[in-house]
Amino acid sequence: MLSINRERLIRDLQELGKIGWVEDKGLFREAYSPVYIEARDFIRQRMEEAGLHSKVDSVGNLFGLLPGRKPDAPRILTGSHLDAVKGGGIYDGAYGVIASLEALRSIRESGMELEHGLEVVAFIAEEAGPLGGTFGSRSFTGQMETPPPDEILQRYGLSRERIQAAQRPKEAYAAFIEAHIEQGPVLWQERISIGIPTGIVGITRYQCRVLGEANHAGTTPMLERKDAFYETVVLLHRWLDYMRQENDMVCNVGNFRVLPGQIGIVPGEVEFLIEIRSLETQKMERAVDKLRQILETAQTCRAEMVLTISKPPVELDETLIGIVEDVCCTYHIPTKIMASGASHDASPLARVMPAAMVFVPSVKGISHSKDEYTESEHLCLGAKVLANTIVRIDKHLG
Ligand SMILES: [Zn+2]
């Protein structure tokens with residue numbers, strides 16, 4: 001088995017984690033911020049030290065290439081993102097970039113020469129934000145049907161032309177593999193070292209409004225109120241009870257607003273978002289129908305829902321998944337086949353090329369938090385699985 005340099009992997013990850021870290025608050029490394037550029041330069045320097053040809057594309061994605069024996073063959077791409085949510089942890093995204101870099105360094109140092117070029121990528125702006133999330137990977141794969149408004153692009157020194165220039169022909173790549181922390185509790189709870197996602201859940205969001213009548217909170221008798229808040233509580237109770245019975249699907253309620261939101265006034269209107277995530281489109285459609293039925297049961301108010309986001313589920317590549325499984329099986333590493341409940345750069349990538357992911361456990365399932373943590377043993381194992389998977393993909397591609 002190709003082994004990796006554990007000390008170097010952990011050291012690089014921790015050093016990278018200092019860039020943008022605020023004591024007691026977590027990581028603040030928003031895409032395009034000065035600390036983001038500093039972090040990207042840090043990786044770029046490591047790439048150059050490893051003898052890779054590095055370049056930053058027109059939207060800010062960073063690439064480092066280890067050429068293969070066949071210069072014209074499609075490349076194997078591996079990596080993740082470098083940006084973080086505000087107050088996030090040091091592992092989300094960054095781990096995948098460092099693990100890829102380490103996999104590549106290990107392959108190079110072993111004296112092995114791959115047939116296919118191997119490229120490490122650090123995608124920009126994966127996290128949700130004004131640019132819409134997975135911005136770097138969507139630009140790279142040419143999936144920007146509705147680019148962000150020009151005024152937002154300008155804020156980041158971007159333009160439609162720059163987005164277009166970042167697109168690379170999909171024929172140039174044979175596979176994408178991304179290592180990532182699980183960001184959920186499953187592997188940690190079940191004491192399994194490696195998770196292998198079969199797909200990335202789809203996301204549907206609805207903006208809901210419950211419309212009642214604002215009125216005096218002291219003089220209007222309880223049973224005569226058109227209290228939008230009361231009605232919302234009843235409707236959401238029904239909805240959440242329904243969803244709690246469902247498997248392989250999750251939902252959340254957010255961005256809650258009660259209007260006018262004053263203690264002297266009966267709430268006249270409530271707004272909130274409902275989000276549903278699942279790997280199965282049909283299940284999500286059924287849930288949406290159920291939500292509509294439930295909202296129609298409103299007694300004293302009118303309830304409405306409008307679709308705001310619909311991202312279909314993404315299937316990862318069976319052959320690549322099989323290769324990851326084989327690698328883990330060969331080295332007796334316990335694995336779990338699972339869904340990814342979080343969105344990743346692998347989603348847009350999987351739409352244009354075979355893609356797979358390798359998950360490592362998140363302690364207590366905590367992520368998008370300063371307390372995000374993955375044990376060193378698992379970080380190293382994930383990088384090792386990644387390195388060996390890349391070697392096998394190279395052989396498989398011939
Ligand atoms: Zn991530």
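Hey, got a sec? Which GluC sites (Glu not before Pro) in segment 3-101 land in a DSSP loop and have at most 16 other Cβ atoms within 10 Å? Listed in order of number, the matching sites are Glu23. Accessible surface for segment 189-348, divided over its residues, is 55 Å² per residue with a 1.4 Å probe.
Note on Ser33 and Arg11: the extension gain reaches 5.6 nm, defined as 0.36 nm multiplied by sequence separation minus the Cα-Cα distance.
Annotation for Gln293 and Val56: the two label points, set 7 Å from Cα along the Cα-Cβ direction, are 5.4 nm apart. Note: relative contact order over segment 202-311, using C-alpha pairs below 8 Å and six or more positions apart, is 47 percent.
Simple spin-label estimate for Glu151 and Glu113 gives 5.6 nm between the two label positions (7 Å along the Cα-to-Cβ direction from each Cα).
So if R0 is 56 Å, what FRET efficiency would Leu223 and Glu285 give, r being the distance between their Cβ atoms, rounded to the nearest 0.05? Given R0 = 56 Å and the Cβ-Cβ separation, E is 0.90.
Calculated [222 nm] ellipticity per residue, helices only, for the chain: -11000 deg cm²/dmol; basis is -39500 (n - 2.57) per DSSP H run with n ≥ 4, divided by all residues, nearest 500.
Give the accessible surface of segment 47-165 per residue, rounded to a whole number of Å², with probe radius 1.4 Å and ligands, DNA and RNA excluded. Mind dumping the intermediate values first?
Values: 4390 Å² over 119 residues.
Computed with neighbouring chains in place, this is 37 Å² per residue.
Among the trypsin sites (Lys or Arg not before Pro) in segment 153-198, which ones are in a DSSP loop with at most 11 other Cβ atoms within 10 Å of the Cβ? Mind listing them? Here the sparse-neighbourhood loop sites are Arg191.
I'd like the antiparallel share, as a percent to the nearest 5, of DSSP beta bridges with both residues in the chain.
Numbers: 45 of 67 bridges.
So the antiparallel bridges amount to about 65 percent of the total.
Normalised by the residues of the chain, what does the relative contact order come to in percent, with Cα pairs under 8 Å and at least six apart? Show your work: numbers first, answer last.
On the way: 883 pairs, mean separation 92.3, N = 398.
Dividing the mean separation by the residue count of the chain yields 23 percent.
Round to a whole number: what % of the accessible area of the chain belongs to carbon and sulfur, probe 1.4 Å? The computed percentage sits at 49.
Let a ≥ b ≥ c be the square roots of the eigenvalues of the Cα gyration tensor of segment 44-188; is it rounded (a/c under 1.5), or, if not, prolate (a/b larger than b/c) or oblate? Don't skip to the answer; put the middle values down first.
Values: a/c = 1.99, a/b = 1.30, b/c = 1.53.
Oblate, because a/c is 1.5 or more while a/b does not exceed b/c.
For the chain, hydrophobic long helices are taken as DSSP H runs at least 15 Å long by C-alpha position along their axis with mean Kyte-Doolittle hydropathy of 0.0 or more; these are 94-109, 228-244, 318-330, 376-397. Simple spin-label estimate for Asp248 and Ala128 gives 2.5 nm between the two label positions (7 Å along the Cα-to-Cβ direction from each Cα).
Tally Lys/Arg at +1 and Asp/Glu at -1 over every other residue whose Cβ is under 14 Å from the Cβ of Tyr373; what's the total? Could the numbers behind the result be given before it?
Working: positive: Lys364, Lys370; negative: Asp92, Glu182, Asp371, Glu372, Glu375, Glu377.
Here the count lands on -4.
The values are calculated or read from the model by the stated rules, or taken from the named source; none is laboratory data. Since we're looking at a predicted model, the values are computed, not measured. When we count neighbours, we look across all protein chains shown, and the Cβ atoms used for this are built from the backbone with ideal geometry, even at glycine. Ligands, DNA and RNA are stripped out before the accessible areas are found, and what is left, the full protein with its side chains, is counted by its heavy atoms. Shrake-Rupley method; radii C 1.70, N 1.55, O 1.52, S 1.80 Å.
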